[in-house]
Amino acid sequence: MSDSEMKVVEEEKDEPMDAPEGEQTDAQTGETGSSDSDSMDESDEDEEDDDDGEALLIKQYVEQLAKIDEDKFNYDNYVQLLEIAHKMTDLDKIRQSAEIFAEAYPLSPEIWLRWLKIEVAIGNSPDELRQVDRLFRRALGDYFSVEVAQEYANLAAKADAELADTIWDALIPAYGLHVTKGRTIFEAYREDHLAKNGDGPEQLNRLARIYEQELKIPLRNMEDSHIEYKLLCEKHKAVLVDLNPEKFERRYRQAKDLLQKMMPYENRLAALEPHCHQERADLYREYIRECRSQLEDDDLQVLYERSCTDCCLDPTVWTDYLKYLDKYPPDPDESEASPVFAQSVLDVVNRALRNCPWSAELYVEKMRICEREKRGKADILKIMEEVATVEFQAPEPAVKVWLEYLTYLRRHADFENEKEREILRSNFELAWNQLGRTWGELADPECKILQFWGRLEYGALKDPLKGRDLWQSVMDSSDNSTRVGLWIEYAELEATRGLDAVRKLYRKAIGSIALNDPETLAAAWMRFERVNGSLEQLTTCQELCVAKVQEFYKSLGNQKPPKGRRSDPKKDADQSDSPKKKPIKRTHDEHEFKKPAIPSLPRQKPEPTLEENTKRIRLEEEPTPAKPEIDPTKDVKRVFISNLSFDATEDQIRACFPELNFKSIELVQSSSGKSRGFGYAELTLEADVQKALTLDRRPLNGRPVFISSLARDKAARPNKFKYSERFEPNKLFVKGLPFEATPDDIRKLFEPHGKLKDVRVVYYRSGKSKGLAYVEYESEAAAKSAVVHMDQYCMDGFTISVDLSAPPPRGNPTATTTSGGAPDAEAGGSSLGGGKRHVVKGDVKQKLSTLIPTALLRKTTVSTPAGQVPTGSATPSAKPKSNEDFRKMLLK
């Protein structure tokens, strides 16, 4: 169909309908109310109106092109140009405007679809279809879009067998992996296969292979495809060959299990609003991180492609994708027909820059990729030419890119060659001048480029005088003269010019105004003078440094240095100069020389100052506040809170327990004012105490908070263990869990087997997981099903053990579990997570028994069940032995 024919198709929609039956036209009778001349006049007017409308659209199209020439980075101008072209119903203009758009920005999937649907509709000949095929591949190269892929599948239905196979080879490996939409691609594939090849034995076997390929991929509604596959196998089992039901079912179950882990993330992605860009990017990162260990490389790459499509304006998402490809680069020898897997790392970074041309990090990544691929300096220079056309919103991105480029030149420069040294210098000068022309005083206020240049002049470029001038410019710029770290680095570089140059610089530095850390600078100068200076030079240095440090603290309104700091720079230098003493190893023949003890004179206490005397007198006059008496009657409303982190505050405790009505919270503090990790809380009502005890071990800042009763009478304290001590058929004991597994992770893992009542992870006092958990179902059947399916399950590389919970009696901590049961890690059993073993009373007796004489051990009673008396042993009512009896036994 030609372009003129396309116009006719569009215009036919506006033609009037045929006259109803029984009403003749002028051409038939010549007797209707209107004459031929009137109808001709009306058609002429319509054509004139059409001509006026078309002329107006052409005028608007030309004006829009002029706007684009004036502002090539205005995205809306390109969108408006394309919209005018579609209104003109001129295919040439649509193609032209789309190509102009594509030169500046990648076309969105919606723009591609609108254009491609027209191309698919008018394409008939093989050449036209192949031209459309190339457009589709360009579209799929811009973004990962299942909608474009589905339209591409429609082209396969019109194409010949050869082109159709090429299309499916591009779609199935990549778009068939989309968790929620991949099944539609496989359905179109099967329909096209049946339509082109029929249902012969060979074609049916091919159809079965397509089903098997689909059902090993985690796809939504894969159960329906599984049923279809089973029906196909049952109906045509006589002609189907090479079937391996066991292997197929195993892969199908693995894919279905993986789907259960992936679907919550897919549902959360679908529920996000379009404007939630940051939340969507973070969710994709969590999705990839949690499922990475179970996904194949192709599945991971598809997830990265989807994240880049949905968050195309977020440079960090593209950077994550590039880091993944850098770690797992595509193999060029095994390149797939799919555009997704055929692209190189450089292709991806170019796509990223078309979406985020303002991102300095992406330009840096592109330079490094080119360097890894052994590209020449000309390719790196082209990148800098691209950067020159970008209008950054701040100077920092431009500085970052220039630093990366200059670093690249430094790595590839021959410093023995004078010409290359001058080229490097000229690039530093170009960078500094260009930034200054663009940003003025705001350009590189920290002078990072001048610092880099100066370091090279002192070193590889071998011109210390030039380096000194550059660093002097650095220190004179902005507030760099207040930064002690820069002064110290400057002094270390000046050491190449001699000791006097360093000493002169330190003197200048210590005299600078508003230094951010004069103590550190003073200590550095003191170290230098101790190593290199004379007595006079060291004394002068000390005087200047002490005066500067005192002036610094005086300006802070504090005559003394803050706690943990030394005010005397002499001590700073001494401390920093002296190495840590190591113990001297001596042989047996050598004797350690002991220094004679020198009696020290009693240290005289300095006389107090006037200010200290005044403060002491004031304190003596003030009455000492009496300690508040503890009211025992309030204990019924108070609880003891312990195992808190030392930085836990009262507000954090209230926020952690919103169910409780706290009247007051008192955290016990040490003499230094720091929390000791426990305290007391008074509640509004007495009934709230029991409610608080049920919230025992709730985590706060990563540590379980212990809540216990404060009743002074031990008999009034609740002595009941929080959890059941008997066999519970609906509760599971899970061990071997990953230590970072949370209750939500475990809940997601066990929820498919039945409705859960509670999930509890066992923690150490420090808040770290023991790798143990209790999963409680509402029914016994669900618990038994979970044991069957989840025992020896691999969770994030850890093989977990699942069994019914059967804790040993609390009165017998050393009791073993019955077969089929599991110990309760919090009911007195030993910690299976590797915690410290608690020594119980029976263990102490066993250790002390080694001190009893052998003669007494001959008749030691053995442990027997309760209520039975062992043979040959004394009964509990036997007469106790006297000292004479023991003496006779020992003399035997």
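The values are calculated or read from the model by the stated rules, or taken from the named source; none is laboratory data. Everything numeric in this text was worked out from a predicted model, so none of it was measured. Cβ atoms come from the backbone with ideal geometry, glycine included; neighbour counts cover every protein chain shown. Note: accessible area is taken over every heavy atom of the protein model, side chains too, but ligands, DNA and RNA are not part of it. Shrake-Rupley method; radii C 1.70, N 1.55, O 1.52, S 1.80 Å.
Across segment 756-796, Cα pairs under 8 Å and at least six residues apart give a relative contact order of 33 percent. Residue pairs exceeding 26 angstrom between C-alpha atoms, taken from Lys548/Lys674; Lys735/Lys755; Lys196/Lys237; Lys72/Lys366; Lys377/Lys400; Lys261/Lys784: Lys548/Lys674. Across the accessible surface of segment 659-700, with the other protein chains kept in place and a 1.4 Å probe, carbon and sulfur atoms take up 47 percent. In a DSSP loop and with at most 15 other Cβ atoms within 10 Å, the chymotrypsin sites (Phe, Trp or Tyr not before Pro) in segment 50-88 are Phe73. Within segment 641-702, the trypsin sites (Lys or Arg not before Pro) that combine a DSSP coil assignment with at most 13 other C-beta atoms in a 10 angstrom radius are Lys674.
Label sites at Asn701 and Glu290, each approximated as a point 7 angstrom past Cα along Cα to Cβ, lie 2.8 nm apart. For the residues Phe144, Phe727, Phe678, a 1.4 Å probe over the protein chains yields an accessible-area ranking, largest first, of Phe727, Phe678, Phe144.
Of the residues Cys291, Cys233, the one with the largest accessible area comes first in the ranking Cys233, Cys291, computed with a 1.4 Å probe on protein heavy atoms. Computed in the context of the full set of protein chains, the accessible area of segment 215-274 at 1.4 Å probe radius has 51% of its extent on carbon or sulfur. In the assembled protein chains, His753 presents an accessible area of approximately 40 Å² (probe radius 1.4 Å). Accessible area per residue for segment 423-484 is 48 Å², calculated with a 1.4 Å probe on protein heavy atoms, without ligands, DNA or RNA. The heavy atoms of Ile513 present about 140 square angstrom of accessible area, all protein chains included, probe 1.4 Å.
With all protein chains kept in place, the per residue accessible area of segment 189-340 amounts to 56 square angstrom at a probe of 1.4 angstrom. Here the relative contact order of segment 324-434, from alpha carbon pairs under 8 Å that lie six or more residues apart, stands at 18 percent.
A 1.4 Å probe run over segment 732-782, with the rest of the protein chains in place, finds 47 Å² accessible per residue.
Taking amide H positions as modeled 1.01 Å from N, with prolines and chain starts lacking one, the residues under 5 Å from Lys663 and 5 or more places away or on another chain are Glu682, Leu683, Thr684. When the accessible area of segment 735-809 is split by element with a 1.4 Å probe, what percent falls to carbon and sulfur? About 52 percent, which is the carbon plus sulfur part of the accessible surface.
Averaging Cα coordinates gives a centre for segment 71-86 and one for segment 645-701; these two points are 62 Å apart.
Note on Leu465: accessible area approximately 100 square angstrom, rounded to 10, probe 1.4 Å, nucleic acids and ligands left out.
If the chain linking Asn350 and Glu147 were pulled fully straight, counting 0.36 nm for each residue of separation and taking away their Cα-Cα distance, it would gain 70.8 nm.
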